[in-house]
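Everything on this sheet refers to the single structure shown next.
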Amino acid sequence: VRLVGGRSRCNGRVEVFQHGTWGRVLDEQWDMQEASVVCRQLQCGEAEAAYTPVRVERGLGPVGLHGVRCAGHEADLSLCNTSLPQSTPAAGIMEDVGAMCQGDRRVRLADGAGRCAGRVEIYYQGRWGTVCDDAWDLADATVVCHQLGSGGALESAGSARFGEGSGQIWLDGVNCSGAEAALWDCPAKAWGQHDCGHKEDAGVICSGLCWEWGWELGPVRPTRGTSLGPFLLPEFMALRLENSDGCSGRLQVFYNGTWGSVCSNSMTTETVSLVCKELDCGNEGELKTDSNYAKLSGTAWLDHVECGKSNSSFWQCPSASWNPQSCTDCREEANITCNGK
């Protein structure tokens, strides 16, 4: 048996393999008992829906079975009471059937700096939806990061830090212990039950580095005196303004597992604007620096960030090379207040 036409092997129109060919399964009373058998046979977990595909998704090939009747406990669809097609006209009487299994659930991070940071979204019952930030904490974020193979959780982000999603809000009141294998294994309200808006969409920042091959200027980002070439791009690099509102404060970047400051030397107005835009904090901002001397105690990753009008992302802008001591004076740290604060 197989499921075809869906977004994964655990969702789609049901077909069976007989006499060397795949055939459609037709029925007029297909329900969760039959779908449960299919999902179990495919090792896709429990059945979440039994359905009739819309007209454009119906099959056109030969009919393998029709009139399937299962008790729900069978290990194989062939063990249910079934009828072989007696003639082609049967295809016009009954309809194709489909099954959606629990194994079709997926999780992803959207609109972040890469696959290891972003808004948490879950694929459930054929639709992507978000998670509400009520009670959202580091234990919940840890489960998401582990599920994605992206290391541990550095931060649990709320208040639509990575932008507002759209459509369904699938989960609310998530209360993970941190040891669960998947986010939907955690205690939460029933699927789709919530009292939230998308301004409360939850997000995460994971500790893992997601590597992929790419072409760009420089070893990681555009730097002076470098040339084109292939390199391993650490896709996870995050950006933040270190205040509770997220739209003002000290500018920091996350790189090589550590948050660090950005120095203000030679920083252009386009750089400030791009920071605000990428954080969904308006289109412009004001660069501020501290007037009192103090030795910088933490890491300062970047200096001389000089974005221009042709740059569409902070990460595309030229700068000095990555250096954990790019500046040592607190008066050089970049502080930005965005107009969308």
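The values are calculated or read from the model by the stated rules, or taken from the named source; none is laboratory data. As the structure is a prediction and not an experimental result, all values here were calculated from the model. Reconstructed Cβ throughout: ideal geometry from the backbone, glycine too, with neighbour counts over all protein chains shown.
For the range 170-190, the criterion of a residue being within 14 Å of the chain's Cα centre (by Cα) and of a type in the set (Lys, Arg) is satisfied by no position.
Just for strands (runs of 3 or more DSSP E) wholly inside the range 152-222: which have at least 2 residues that are touching a strand residue (DSSP E or B) at 6+ places or on another chain (Cβ under 9 Å) and at pLDDT 90 or above?
In the range 152-222, 153-157, 169-171, 203-206 are the strands (runs of 3 or more DSSP E) which contain 2 or more residues that are touching a strand residue (DSSP E or B) at 6+ places or on another chain (Cβ under 9 Å) and at pLDDT 90 or above.
Could you list, in sequence order, all residues of the range 295-327 that are exposed (fewer than 13 other Cβ atoms within 10 Å of the Cβ) and under 14 Å from Met267 (Cα atoms)? Gly308, Lys309 - these are the residues of the range 295-327 that are exposed (fewer than 13 other Cβ atoms within 10 Å of the Cβ) and under 14 Å from Met267 (Cα atoms). Filtering the range 6-24 to residues that are closer than 15 Å to Cys44 by Cβ and at pLDDT below 90 leaves Gly6, Arg7, Ser8, Arg9, Cys10, Asn11, Gly12.
Residues checked against (1) over 23 Å from Trp128 (Cβ atoms); (2) of a type in the set (Ser, Thr, Tyr); (3) within 29 Å of the chain's Cα centre (by Cα); (4) not assigned by TED's automatic domain parsing to the domain that holds Asp76:
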residue: Gly6; (1), (2), (3), (4): no, no, yes, no
residue: Arg9; (1), (2), (3), (4): no, no, yes, no
residue: Arg13; (1), (2), (3), (4): no, no, yes, no
residue: Arg24; (1), (2), (3), (4): yes, no, no, no
residue: Gln29; (1), (2), (3), (4): yes, no, no, no
residue: Glu34; (1), (2), (3), (4): yes, no, no, no
residue: Val38; (1), (2), (3), (4): yes, no, yes, no
residue: Cys44; (1), (2), (3), (4): no, no, yes, no
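Restricting attention to the range 141-168 and to residues that are in contact with a Leu (Cβ under 7 Å, 6 or more places away or on another chain) and not aliphatic (A, V, I, L, M), the residue that is surrounded by the fewest Cβ atoms within 10 Å (Cβ to Cβ) turns out to be Gln147. When Pro85, Pro62 are screened for being over 14 Å from Trp30 (Cβ atoms) and modelled with pLDDT under 75, only Pro85 passes. Out of the residues in the range 169-204 that are in contact with a Ser or Thr (Cβ under 6 Å, 6 or more places away or on another chain) and free of Cβ contacts under 8 Å to residues at least 60 places away in the same chain, state the one that is surrounded by the fewest Cβ atoms within 10 Å (Cβ to Cβ). The qualifying residue surrounded by the fewest Cβ atoms within 10 Å (Cβ to Cβ) is Gly178. Scanning the range 55-63 turns up one or more residues that are acidic (Asp, Glu) and not in a strand (DSSP E or B). Of the strands (runs of 3 or more DSSP E) that lie entirely inside the range 282-341, those containing 1 or more residues that are out of contact with any helix residue (DSSP H, G or I) (no Cβ under 9 Å at 6 or more places or on another chain) and of a type in the set (S, T, N, Q) span 335-338.
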